[in-house]
Amino acid sequence: MGVLTDRGKATAYGIFSLSVLLTLWICATSLFQWIEPRVLPSPAQVIRQFAWIITEPFSGLRLPGHILFSLERWGWGVLTAGLVGIPVGVFFAWNPWFKTFLNPVFELIHFIPPFAYIPLAVLWFGASTATQAMVVFVAAFPAIVINSQLGVAQVEKIYVDAARVFGASPFRTLCRVVLPAAAPSIYTGLRIAISNGWMALVGAELVVGKVGLGFMIAQGQENASVATIFVGVITIGCLGVLIDTLVQRSERYVLPWRRVAG
Amino acid sequence: MEQSVGKMASGSTNPATEAPAKLELRNISKWFGPVGDGVHAVDDCSIEVKKGEFIVVVGPSGCGKSTLMTVGAGLENPTQGEVLVDGKPAGSPGPTRSVVFQKFALFPSETVEQNIKFGLQMTGVSAAEQEARLVEQLKIMGLELFRKSYPSELSGGMQQRVAIARALVMQPEILLMDEPFGALDAQTRTILQEEVQRLHREKHYTVLFITHSVEEAVYLGDRVVVMTKRPGRIKRVIDLPRDVIWKTGDIELAAEHPEFIEFRREIWGLVREEIVSI
């Protein structure tokens, strides 16, 4: 173990803990049948179901189709939350008046659970992509606003002073000095927003719509197919981890100076 | 020895005294918070910096000398008094007055090159001119190898060189330096003090330099302004000889010169009075 780096160790422990879980699962189902298959399917059953849903349409679509619909809704929701949330957060910090004026509204919205918007979203958009995207938006928005605001508020005054001394207008100071300095915090906000949005999406799909991973799980329940539910849940978990890893990895390319800040 | 000292001292009637004030702080008072109730940082300070002059402001810590500098740069408005450049109100900060900050204030997201070019880009200097001036400054400050480095990859001394280059590349009429070497280790500080001395002698920059180091003040200054403790007032202004031999060499050699020692003792005596008095 001594030759492993910290990251190597983390990976090793990760593989180890997942293996323990898998072993327990195999023992409880295929091996000793501690738990009935209609309560907990065996890994083999889940894998068969995976293969089946990938090749045969389930409720009209194969698994990749359900995934793409889910990703599309999630993408629109997170994208709009970012496009609206980052400027709102930045202006909250940049202009105190703006914050005083809008903060009460924001605080109120912030404490309404995303799922409470589902009925409203259905009335507004019907059963379209926009419905789930709106729920994702609502779930993602506050984290982006709060972290963008924090990031800008934490930028040291001396950088703004330096920009002024060297002739930068407020707008160029914002773009070239303040936003890059706030970027790590904005990034953190995006990461939280992305995972919040992902969770809200699955919740929304359970209730509304005829496609998507959440819908797939709901159908599994309708058909009393626990294996289908497991396929859905595992896919949702893996995609979530994958997306978060990609975003985390992208930080070093988007914010190159952070690589050396060590 | 004594005679030569006297001769050099009399040579201190420098040509700059006849020139008009490049930068003038006139009756500056600064309160943070409400007048009479907030913090009274600076009280009725007047300083004239003539073209080509190197003025050093020295005083106990917390005496408002940095406030004087931020007011001089236009970053803060004085509560009373005014800042003049060439006899006219100076207005908001701008590239005629470049600043070197104590904590460097380099933009962390930009490379050395981008930091140095920053002011040139903001003031619409052509790309070719930007490049030429950048290359020149990199050479002067010995930064050629670090052009693509980020500030976080550099030592404190190197970062402050970048900050000085960023200020000088603007070809400013006035250079304001706020305890620029305060955050550096003693060895790096010595090297940079000597470089600033050399730059000033070669290029005749007009400088307002803030420090708490009496030694630095005597070595670098043409005139030294001693401030009282808060609220900072001007306690004494001391003219130092220019173009004397001990200012052209290393600071350790200068520190052994009788004239240097005499000035240092006098100025330290004034600063000390402020520190020990209650």
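Using a Gaussian network for chain A with springs between C-alpha atoms less than 10 Å apart, which of these wobbles most: A:211, A:165, A:233?
Among A:211, A:165, A:233, the largest GNM mean-square fluctuation belongs to A:165.
Which whole number in µm²/s is D for segment A:178-262 by Stokes-Einstein, with the Kirkwood Rh taken over Cα pairs at 20 °C and 1.002 mPa s?
145 µm²/s
Who wins for biggest fluctuation among B:263, B:146, B:32 in a Gaussian network model of chain B, springs between alpha carbons below 10 Å?
In the Gaussian network model the winner is B:32.
If you count, for each residue, the other Cβ atoms within 10 Å and average over each peptide, how do B:62-72, A:103-113 line up from highest to lowest? Could the numbers behind the result be given before it?
Details: B:62-72: 23.7, A:103-113: 11.3.
Highest-to-lowest ranking by the protection proxy: B:62-72, A:103-113.
Could you give the nm distance between label points at residue A:157 and residue A:62, where each point is 7 Å from its Cα heading toward the beta carbon?
6.2 nm
Among residues other than residue A:164 whose Cβ falls under 14 Å from its Cβ, what is the net charge (Lys/Arg +1, Asp/Glu -1)?
Details: positive: A:157, A:172, A:176, B:97, B:166; negative: A:156, A:161, B:76.
With Lys, Arg at +1 and Asp, Glu at -1, the net is +2.
Go through B:268, B:127, B:54 and say which Cα lies farthest out towards the positive end of the charge dipole of the protein assembly as shown; charges sit on Cβ, +1 for Lys and Arg, -1 for Asp and Glu.
My answer, from the dipole projection, is B:127.
What is the Cα coordinate range of segment A:16-68 on the first, second and third principal axes, sorted by size from largest, in whole angstrom?
The principal-axis extents, from largest down, are 36, 26, 14 Å.
Compute the helix-to-body angle for A:6-26: its Cα long axis versus the longest principal axis of chain A, expressed 0 to 90° and rounded to tens.
For A:6-26 against chain A, the angle is about 30 degrees.
Report, as an integer, the average count of C-beta atoms from other chains found within 10 Å of each Cβ along B:99-111.
Mean number of neighbouring Cβ atoms from other chains: 5.
Which percentage, to the nearest 5, of the DSSP beta bridges contained in the protein assembly as shown is antiparallel?
Looking only at bridges with both residues in the protein assembly as shown, the antiparallel portion is about 55 percent.
Summarise the partner chain shielding of B:75-82 as one whole number: the mean count of Cβ atoms from other chains within 10 Å of each residue's Cβ. Before the final figure, lay out the partial values.
Details: counts 7, 1, 0, 0, 0, 0, 0, 0.
Rounded to a whole number, the mean comes out at 1.
In whole angstrom, how far apart do the alpha carbon centroids of segment B:197-216 and segment A:109-172 sit?
After rounding, the separation between the Cα centres reads 48 Å.
Angle check, please: helix A:129-153 long axis (alpha carbons) against the longest principal axis of chain A (alpha carbons), in degrees 0 to 90, nearest 10.
40 degrees
Top mean-square fluctuation among A:32, A:69, A:230, Gaussian network model of chain A, C-alpha springs under 10 Å?
Per the Cα network of chain A with a 10 Å cutoff, A:32 tops the list.
Once you've got the Cα coordinates, tell me which of B:22/B:235; B:50/B:88; B:50/B:117 are over 25 Å apart.
Numbers: B:22/B:235 22 Å; B:50/B:88 14 Å; B:50/B:117 28 Å.
Pairs exceeding the cut-off: B:50/B:117.
log10 I(q)/I(0), Debye, Cα-only segment B:103-171, no solvent, q = 0.25 Å⁻¹?
Taken in order of the listed q values, log10 I(q)/I(0) reads -1.09.
Quickly work out the residue B:152-to-residue A:79 label distance, labels modelled 7 Å from Cα along the C-beta direction, and quote it in nm with one decimal.
Placing both labels 7 Å beyond Cα along the Cβ direction yields 3.0 nm.
Packing-wise, with mean Cβ within 10 Å as the measure, how do A:73-86, B:239-252 rank, highest first?
Ranking, from highest mean packing down: A:73-86, B:239-252.
Quick one: of the DSSP bridges fully inside chain B, what percent are antiparallel, nearest 5?
55 percent
Give the calculated FRET efficiency between residue B:131 and residue B:186 to the nearest 0.05, with a Förster radius of 45 Å applied to their Cβ-Cβ distance.
About 0.80, to the nearest 0.05.
Any idea what angle helix A:213-222 forms with the longest principal axis of chain A, computed on alpha-carbon atoms, 0 to 90 degrees, nearest 10?
30 degrees
Just the ratio, please: alpha-carbon radius of gyration of the protein assembly as shown over 2.2 N^0.38 Å, N its number of residues.
Its radius of gyration relative to the 2.2 N^0.38 Å reference: 1.37.
In debye, nearest 20, what is the charge dipole magnitude of segment B:103-171 about its Cα centre with +1 on Lys and Arg Cβ and -1 on Asp and Glu Cβ, if you could check?
Result for segment B:103-171 is approximately 160 debye, rounded to the nearest 20.
Taking 22 Å as R0, compute the FRET efficiency from the Cβ-Cβ separation of residue B:39 and residue B:236 and round it to 0.05.
Details: r = 24 Å, r/R0 = 1.09.
About 0.40, to the nearest 0.05.
Could you work out the local net charge near residue B:83, counting Lys and Arg as +1, Asp and Glu as -1, over the other residues with Cβ closer than 13 Å to its Cβ?
Numbers: positive: B:22, B:26, B:30, B:88, B:97; negative: B:24, B:48, B:76, B:82, B:86.
With Lys, Arg at +1 and Asp, Glu at -1, the net is 0.
A short reminder: the numbers here are calculations on the coordinates, not readings from a lab. What you see is a predicted model, and the numbers here were worked out from it, not measured in a lab. Cβ atoms come from the backbone with ideal geometry, glycine included; neighbour counts cover every protein chain shown.
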